[in-house]
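The structure appears below as structure tokens.
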Amino acid sequence: MARPDADGLRRAAEILRAGSVVAFPTETVYGLGADAFSEKAVGEIYRLKNRPSWNPLIVHVADVAAARKLAAEWPAQADDLAARFWPGPLTLVVRRAPHLPGIGAANDTVAVRVPAHEVALALLEASGLPLAAPSANRSEGISPTTADHVVRSLPDVPLVLDGGACSWGIESTVLDLTGDVPRLLRPGALSLRVLRDAVGPIALPESATEDGTARPSPGMSRRHYAPRAKVVLCKDVRDVERSGLPEPVATMTYEGGDGTEILSADPREYAADLYAALHRLDDAGFATILIQEPPQTEDWLAVHDRLSRAAA
């Protein structure tokens, strides 16, 4: 683990330019970064995470100009969205430039964003590379929101830049701009309401994406973001029959009471602490986590997505 000072950034950039990987903070979660133009370096991401080859990666870049260089087509909506939300937790899927290798899937698109974290931006500048970077944890596991989470999940990563806790605590929203109407591929930190205010109608996913098939965005697998413990979603944690559940049992609620973990009733604050709370319960040795289902409103869409995949 290293401080993100001048020496830490220099070491990280050297490792990246040598074709290896570095974990670094973003405003969403910690990422495991590699040179997006190096198939060997990107392969190291997949090896360390034990990530399926059909699950693509998001490329992080320093600015809109760098994003355009990775695209065969850059629609006007991409410029509008970038002007409003970059740097920030929004990923755009566009047609991939032919000189950029496919990032983990046999398709002609690339997912790209500009992160809103000073360490991530400093690393992009120091390395001079576009960084393909999924979350810095074992595949299907809980995403990391601190450097300690990364080290415990991926102890073989050559260097982890410690930038403190991530502010959003949940992954970016992913929008596909390759069709006539923007399509939501992964709900995330930016709400649909905010995005609709910016671009108008947004199409929702038509159906679930089967594991093993190519897809344009990460975060579309049936099981994802999951702790070691069994996750059970319920309307009221007090009403669940626990006799058949692995012990010990923890509870997570958002309305107070006597839950083991009590999260905020505000969807953004809940999302910011969700992964950290799951890490705490896993680290405490609970075998089952009963989670009170949040409200069925659009503001909670990203949280519902993460909880349903964790419980799959």
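The values are calculated or read from the model by the stated rules, or taken from the named source; none is laboratory data. Computed from a predicted model, the values in this text were never measured in an experiment. Neighbour counts run over all protein chains shown; Cβ positions are idealised from the backbone, glycine included.
How many of the residues in region 21-36 are surrounded by fewer than 24 Cβ atoms within 10 Å (Cβ to Cβ) and under 15 Å from Ala126 (Cα atoms)?
Here is the first cut: in region 21-36, the residues surrounded by fewer than 24 Cβ atoms within 10 Å (Cβ to Cβ) are 27, 35.
Now narrow it down to the ones that are under 15 Å from Ala126 (Cα atoms): 35.
Of the residues in that region, 1 qualify.
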Please specify each residue of region 187-206 satisfying the condition of being within 14 Å of Asp299 (Cα to Cα) and either part of a loop (DSSP other than H, G, I, E, B) or in contact with a strand residue (DSSP E or B) (Cβ under 8 Å, 6 or more places away or on another chain) (or both). Pro187, Gly188, Ala189, Leu190, Ser191, Leu192, Leu195
Going through region 230-257 in order, the residues found to be at pLDDT 95 or above and of a type in the set (Gly, Ala, Ser) are Ala250
Residues of region 22-48 classified as in contact with a helix residue (DSSP H, G or I) (Cβ under 9 Å, 6 or more places away or on another chain) and closer than 16 Å to Pro144 by Cα, total: 11
Please determine whether any residue of region 116-126 is assigned by TED's automatic domain parsing to the domain that holds Ile15, without any contact (Cβ under 8 Å) to a residue 12 or more places away in the chain, under 22 Å from Glu39 (Cα atoms) and over 21 Å from the mean Cα position of the chain (by Cα). no
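Check region 84-93 and report whether any residue there is aliphatic (A, V, I, L, M) and either in contact with an Asp or Glu (Cβ under 9 Å, 6 or more places away or on another chain) or within 22 Å of Leu9 (Cβ to Cβ) (or both).
Within region 84-93, the subset aliphatic (A, V, I, L, M) is 90, 92-93.
Narrowing further to those that are either in contact with an Asp or Glu (Cβ under 9 Å, 6 or more places away or on another chain) or within 22 Å of Leu9 (Cβ to Cβ) (or both): 92-93.
Yes, the conditions are met somewhere in region 84-93.
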Reported set for region 65-106 where residues are part of a strand (DSSP E or B) and of a type in the set (Lys, Arg) is Arg95, Arg96
Search result, residues across region 65-89 that are under 26 Å from Ala272 (Cβ atoms), more than 20 Å from the chain's Cα centre (by Cα) and hydrophobic (A, V, I, L, M, F, W, C): Ala83
Name every residue in region 37-64 that is in a loop (DSSP other than H, G, I, E, B), buried (at least 19 other Cβ atoms within 10 Å of the Cβ) and over 17 Å from the mean Cα position of the chain (by Cα), in order of residue number. Ala62
With respect to Ser153, determine if the residue is buried (at least 17 other Cβ atoms within 10 Å of the Cβ), within 19 Å of Leu301 (Cα to Cα) and among the small types (Gly, Ala, Ser). no
For region 158-186, which residues satisfy the criterion of being within 22 Å of Lys49 (Cα to Cα), under 18 Å from the mean Cα position of the chain (by Cα) and in a loop (DSSP other than H, G, I, E, B)? Asp162, Gly163, Gly164, Ala165, Cys166, Gly169, Ile170, Glu171, Ser172
